[in-house]
Amino acid sequence: MDAYTTGPIGQLFSQFSAFFPRLIGALTVLLIGYLLARLVRKLLSTLLQKVGIDRLGETLNDIDIIQKTGVKIQFSNILAQLVYFVMMLIFIIAATEALGVSAITQLVTDFLNYLPALFSAGIVLLAGIYLADLLRSAVKTLLGSIGIPSAGLISSVVFYFLFVTIAVSALTQAKIATDFISNNLTVIVGAVSAAFALGYGIASRDLMSNYLAGQYNKNKVRVGDDIRIIGVRGKVVMIDATSLILQTDDRAIVIPLGKLTTEKVEIFYPDPQEENLLEPKV
């Protein structure tokens, strides 16, 4: 019997006997932590829903780039789930300390210390996307109000430029090396911007000419005037930012406003004597 108690089998049994209570204690800690974390998650989610924090998530869900991912942002669930995982990590650290497994304890502790950086990176990303979308809407509205075409394309370019910049900032906040991306992002964005500006500038040269001509001549020709331009006489029935519509006897003609500065424009005023003849006699 002494050989069994002092030999390898006896040592294994004694080690297991010493480890088994620690295992039971660790499992008990995990079970209590799991039940407590689930309870806190449920209560916190209900509380945040009543506070109305999900309205902010609904605003973000309307953004195109988030809609394309198919992800629905619900802050009550996100924050409640985050608290749940933090609590579980704390109880896992307590359980591994009870087991005496220092390597796992240190690994989980390092991940727990990294969570604030990851959380702040998520806030930077979501706030940046929201602000970029606001700026896109403002640019689209401004360009549309002055009659510049491709307002949606230009505003989307502005949005994605800001989105890439914000994404790099979020990665930096998350302590992820972004030196290579940052060093090449300036060159890539500069080249794309120059190509877009050159191409759009050439394509919209006539458009800008018409727009500037309209601003310069907006008080010279008005809706209702009888004019002759490019050899056509008619009544001006509409003027927008870049063109006017001339109504003749048999058709309507759209004339770019740039013609007001490059072509001879004749404005015909009604004869006062004819107007007097047309007035009814009392």
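The values are calculated or read from the model by the stated rules, or taken from the named source; none is laboratory data. In this text the structure is predicted, and so the values were computed from the model without any measurement. Virtual Cβ from ideal backbone geometry, glycine too; neighbours counted across all protein chains shown.
Please determine whether any residue of the range 86-96 is over 23 Å from residue 38 (Cα atoms) and of a type in the set (A, V, I, L, M, F, W, C).
The initial filter retains those residues of the range 86-96 that are over 23 Å from residue 38 (Cα atoms), namely none.
Checked the range 86-96: no residue is over 23 Å from residue 38 (Cα atoms) and of a type in the set (A, V, I, L, M, F, W, C).
Among the residues making up the range 72-124, those that are outside the structural domain of residue 47 (by TED's automatic domain parsing), buried (at least 17 other Cβ atoms within 10 Å of the Cβ) and closer than 26 Å to residue 166 by Cβ are 121, 124. Within the range 230-251, the residues that satisfy the criterion of being touching a residue at least 24 places away in the same chain (Cβ under 8 Å), out of contact with any Lys or Arg (no Cβ under 7 Å at 6 or more places or on another chain) and assigned to a loop (DSSP other than H, G, I, E, B) are 240, 241, 242. Residues of the range 24-43 that are surrounded by fewer than 13 Cβ atoms within 10 Å (Cβ to Cβ) and within 37 Å of the chain's Cα centre (by Cα): 39, 42, 43. Can you find a residue in the range 29-47 that is among the charged types (D, E, K, R), closer than 30 Å to residue 153 by Cα and modelled with pLDDT of 75 or more? No, there is no match, as no residue in the range 29-47 is among the charged types (D, E, K, R), closer than 30 Å to residue 153 by Cα and modelled with pLDDT of 75 or more. In the range 223-263, the qualifying residues are those that are surrounded by fewer than 16 Cβ atoms within 10 Å (Cβ to Cβ) and at pLDDT below 80, and the one that is farthest from residue 144 (Cα to Cα) is 263. All told, residue 123 meets the bar of being among the β-branched types (Val, Ile, Thr), under 19 Å from residue 57 (Cα atoms) and either part of a helix (DSSP H, G or I) or modelled with pLDDT of 85 or more (or both). Whenever a residue of the range 31-58 is in the same structural domain as residue 84 (by TED's automatic domain parsing) and within 15 Å of residue 82 (Cα to Cα), its partners that are surrounded by 12 or more Cβ atoms within 10 Å (Cβ to Cβ) and among the charged types (D, E, K, R), lying with C-beta atoms within less than 8 angstrom and at least six residues away or across chains, give the pairs 48/54.
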